[in-house]
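A short reminder: the numbers here are calculations on the coordinates, not readings from a lab. For clarity, every value in this text was computed on a predicted model and none was experimentally measured. Here Cβ is always computed from backbone atoms with ideal geometry, including for glycine, and neighbour counts include all displayed protein chains.
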Amino acid sequence: MKFQNFFISLLILFSLISCAEKKEKISIIGEDNLEMQMIEAYNEGLKEFNRGDIFFAVKKFNEVELLYPQSIWAPRSTLMAAYAYYSKMYFDDAIFELKRFLDKYKNHPDTDYAYYLLAVCHYNQIVDEKKDLGQIIKAREYFNLLIKDFPNTDFAEDAYFKLELIAEILASKELYLANYYLDREKWIPAMNRYKNIVNEYDTTIFIEEALYRLVELNYKLGLIDEAKKYTALLGYNYQSSEWYEKSYNIVNTNYKKTNIKKDLKKEKSLLKKFKDLFK
């Protein structure tokens, strides 16, 4: 009787072990199938992306992330979803995916690319800097962050180039506002805008006119030493400039203080020349 009970107990034990092995085996098979589904989904996403169906492609890339969130394919799929949206100019959707990538996959090897693409998405939405600076400020922020955190990245050269263009755009807005105040004889607001160009955008094509206007305004307000200071600065850096010649004439001859109107034709020509760079 004891032997029979022992035998029954042994059978039960073997049955439990067998069930455990089967469960483990089923689990392993399930994981293998899941990985195959993941690879198939990723490849299908690439295929549809190349065909131009980005929405179905994004759906497949998102499936990959859901099926295998801990795999190396998950962050790749998120980036591919972002790039798919970017390629068809769905910039807001691309930005959403890129921010999700940066939040979820910190310290990923492709983080520099994510920041670059994020900056470009904002950069490509710059329409009219006189009405809305939101996109241009965001683009500058992410380009600067990219250069600061990844100075040796392959995307640094293009980031520097676009930052230079952004500086030109922002300087053109400052000059537009400064001349707006100048036209209405609001000397102090105009002077502050010109100073901002000198202090923040001294490498742009608008620096020479800004310096000249500061010479002109300071002379009008009786601040002769300040006018001479800006004339010297203009002469030191841009001696062959017509703006220096005008400044020199102001501080060295009997200049008519009341005549302080800007050359509108020249300004419009300069702005048009700059804006042609973006066509």
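Check residue 126: other-chain or 5+ apart residues with amide H under 5 Å from its amide H, H built from backbone geometry?
Those qualifying (amide H under 5 Å, at least 5 residues apart or on another chain) number zero.
Could you list 127, 58 in order of exposure, starting from the residue whose Cβ has the fewest other Cβ atoms within 10 Å?
Values: 127 10, 58 23.
Final ranking by Cβ density, sparse to dense: 127, 58.
Divide, for the range 180-227, the radius of gyration over alpha carbons by 2.2 N^0.38 Å, where N is the residue count.
Values: Rg = 10.3 Å, N = 48, 2.2 N^0.38 = 9.6 Å.
Ratio of Cα Rg to 2.2 N^0.38 Å: 1.08.
Relative to the compact-globule scaling 2.2 N^0.38 Å, provide the ratio for the alpha-carbon radius of gyration of the range 66-176.
It is 1.14.
What is the packing order of peptides 59-65, 245-251, 233-239, 146-152, taking the mean over residues of other C-beta atoms within 10 Å and listing the highest first?
Highest to lowest by the protection proxy: 59-65, 245-251, 233-239, 146-152.
Return the sequence-ordered ³J(HN,Hα) values of the range 54-68 in whole Hz as given by the Karplus equation 6.51 cos²θ - 1.76 cosθ + 1.60 applied to θ = phi - 60°, using x for Gly and Pro.
6, 5, 5, 4, 4, 4, 5, 5, 5, 4, 4, 5, 6, 6, 9
Tell me, how many Å apart are the Cα centres for the range 204-244 and for the range 129-171?
Between the Cα centres of the range 204-244 and the range 129-171 lies a distance of 28 Å.
I need the phi-derived Karplus couplings for the range 195-204: 6.51 cos²θ - 1.76 cosθ + 1.60, θ = phi - 60°, integer Hz, Gly and Pro marked x.
In residue order, the calculated couplings are 5, 5, 5, 5, 7, 9, 10, 6, 9, 8 Hz.
In whole Å, what are the Cα extents of the range 102-252 along the three principal axes, biggest one first?
For the range 102-252, the Cα extents along the three principal axes come out at 62, 31, 20 Å.
If you wrap a convex hull around the alpha carbons of the range 154-235, what volume per residue comes out, as a whole number of Å³? Don't skip to the end; give the middle numbers.
Working: hull volume 6.3 nm³, N = 82.
Measuring per residue, one finds 77 Å³ for the Cα hull of the range 154-235.
Order these peptides, 67-73, 207-213, by their mean beta-carbon neighbour count within 10 angstrom, highest first.
207-213, 67-73
Bin by bin, in steps of 5 Å, what percent of the Cα pairs in the range 51-116 do you find, going until the bin that has the longest distance?
Going from the shortest bin to the longest, the percentages are 4, 19, 32, 25, 15, 4, 0.
Sticking with the crude label model, points 7 Å out along Cα→Cβ, report the distance from residue 104 to residue 148 in nm, one decimal please.
2.6
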